[in-house]
Amino acid sequence: MLHRLETLLETPLATALGSAATLVLAAGDKPPDTQKPQLALLATRLTRAPAAPDSDAAGREPAYASTMLTLTASAADPRLFALPPGAASRVAEVQSPPGRLLPQADAWVADAAGLHLLQAPTAPVRALLRGTAVKGYQERWAARIDLGLVAWAQQPDTASDLLGQALAVVLGQLFELDLVDLQEAPPDGGLSLRLLKPSARLLQVDRGLAAAGNVSWHRAAAQLQIDGELVQCLTMGVADPASTIKRIDFELGRLRADGTLGQDTGSVGG
């Protein structure tokens, strides 16, 4: 789950650092084993804000089957992407790059020919198809993710510069995201988690010094808080059957003017 967030940040961080430092997905609580500077990235905790006093399970929303597709562009037109038959009306969202929502009509339309983007994309395109109602529920809550960055280097200026560079990348990447898919449910049902509108804030910066053999290592660390709306959806297969009232037949007794009891019949609906 939280590793999905680290994966989103891993590539841009590695690109920014280049050969200056080694990037690891770890706590970074110890100096590296090599002589090369190191940057550690780790998402440690997801917590949900306390529920309102009057909230209960009755506030849950219906769940719907959904499928996330990674689309391939047409060889003849890089703006056209094939969709499964009959899926045009079920496109609920389009992402490009993953995590960035494209506005419907302003950036994309879907019809029988497929998904049309108004401009050729420069990143992978994903589409979420919404299906029928299923057994389960969906909940929305305010939530936060705790994220740590730790830079190790043998010179204090190097450690400080590495941390500053990493912070700029992480804050910039999260600023560009509309959502983070933390867990995707399999086609036959399960749990999906996504964080909408992630907003990163720097909470704390600290530094330290540690020895590894005969070498002194300088440590520069930062703690970040990522706030957003957590959408939790549990799907459990086909929805339970439900009955629909199509017609109501009734009999109505009434007192006539002469004092006798009369009876009327009728129906409402089909």
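The values are calculated or read from the model by the stated rules, or taken from the named source; none is laboratory data. Nothing here was measured: the structure is a model prediction, and the numbers come from that model. Using ideal geometry, Cβ is built from the backbone for each residue, glycine included, and neighbour counts are taken over all protein chains shown. We work out accessible area using only protein heavy atoms, side chains counted, and drop any ligands, DNA or RNA first. Shrake-Rupley method; radii C 1.70, N 1.55, O 1.52, S 1.80 Å.
One-quarter of the Cα convex hull surface for segment 62-121, in nm²?
Projected area, direction-averaged: 4.6 nm².
Kindly write out, for segment 185-194 in residue order, the coupling ³J(HN,Hα) from the Karplus curve 6.51 cos²θ - 1.76 cosθ + 1.60 (θ = phi - 60°), rounded to whole Hz, with x marking Gly and Pro.
6, x, x, 8, x, x, 10, 10, 10, 9
Check which residues have an amide H placed less than 5 Å from D178's amide H, if you skip close sequence neighbours.
Amide H neighbours of D178: R100, L101.
What are the residues whose amide H is under 5 Å from the amide H of L83, where those residues sit 5 or more places off or on another chain and H is modelled from the backbone?
Under 5 Å from the amide H of L83 lie the amide H atoms of L115, each far enough along the sequence or on another chain.
Antiparallel versus total DSSP beta bridges in segment 1-116: what percent is that, nearest 5?
Just about 65 percent of them are antiparallel.
Report, to the nearest 10°, how far helix 156-175 tilts away from the longest principal axis of the Cα atoms in the chain, using its own Cα long axis and a range of 0 to 90°.
20
Shape verdict for segment 185-244, please, from the Cα gyration tensor: rounded (a/c under 1.5), prolate (a/b greater than b/c) or oblate.
Since a/c reaches 1.5 and a/b is larger than b/c, the shape of segment 185-244 is classed as prolate.
When ligands, DNA and RNA are left out and all protein chains stay put, how many square angstrom of accessible area per residue does the chain have with a 1.4 Å probe?
59
Quickly rank 165-175, 109-119 as a protection proxy: mean count of other C-beta atoms within 10 Å, highest first.
The densest-packed peptide leads the list: 165-175, 109-119.
Just order 21-30, 76-85, 152-161 by mean Cβ neighbour count inside 10 Å, highest at the front, would you?
The packing order, highest mean first, is 152-161, 21-30, 76-85.
Which percent of the Cα-Cα distances in segment 141-216 go past 22 Å?
Here the long-distance tail beyond 22 Å is 46 percent of all Cα pairs in segment 141-216.
In Å, what is the Rg of the alpha-carbon atoms in the chain, and how long is Dmax?
Here Rg and the maximum Cα pair distance are 27.8, 115 Å.
Per residue of the chain, what 222 nm ellipticity follows from adding -39500 (n - 2.57) for every DSSP H run with n ≥ 4, rounded to the nearest 500?
-4500 deg cm²/dmol
For segment 1-98, what is the largest minus smallest coordinate of the Cα atoms on each principal axis, given in angstrom and ordered from greatest to least?
Dimensions of segment 1-98 along the principal axes of its Cα atoms: 57, 56, 15 Å.
At a 1.4 Å probe, what is the % contribution of carbon and sulfur to the accessible area of the chain?
Using a 1.4 Å probe with all protein chains present, the chain comes out at 53 percent carbon and sulfur.
Taking amide H positions as placed in the peptide plane 1.01 Å from N, state which residues far from R60 in sequence (5 or more) or on other chains have amide H under 5 Å from it.
none
Give, in whole angstrom and from largest to smallest, the semi-axes √(5λ) of the equivalent ellipsoid of segment 97-152, with λ running over the eigenvalues of the Cα gyration tensor.
Equivalent-ellipsoid dimensions as semi-axes: 30, 23, 10 Å.
Taking the chain as the reference, fit the longest principal axis to its C-alpha atoms, fit the long axis of helix 2-17 to the helix C-alpha atoms, and give the angle between the two in degrees, 0 to 90, nearest 10.
40
May I ask what percent, to the nearest 5, of DSSP beta bridges between residues of the chain are antiparallel?
95
Could the peptides 228-237, 40-49 be put in order, highest first, of the mean number of other beta-carbon atoms found within 10 Å of their residues?
In decreasing order of mean packing, 228-237, 40-49 become 228-237, 40-49.
If one computes P(r) from the Cα atoms of segment 160-270, what percent of pairs lie at distances over 17 Å?
Looking at segment 160-270, the distances longer than 17 Å represent 76 percent of pairs.
Taking the Cα atoms of segment 47-206, report the difference between the largest and smallest coordinate on each principal axis, in whole Å and largest first.
The Cα atoms of segment 47-206 stretch 60, 51, 28 Å along their principal axes.
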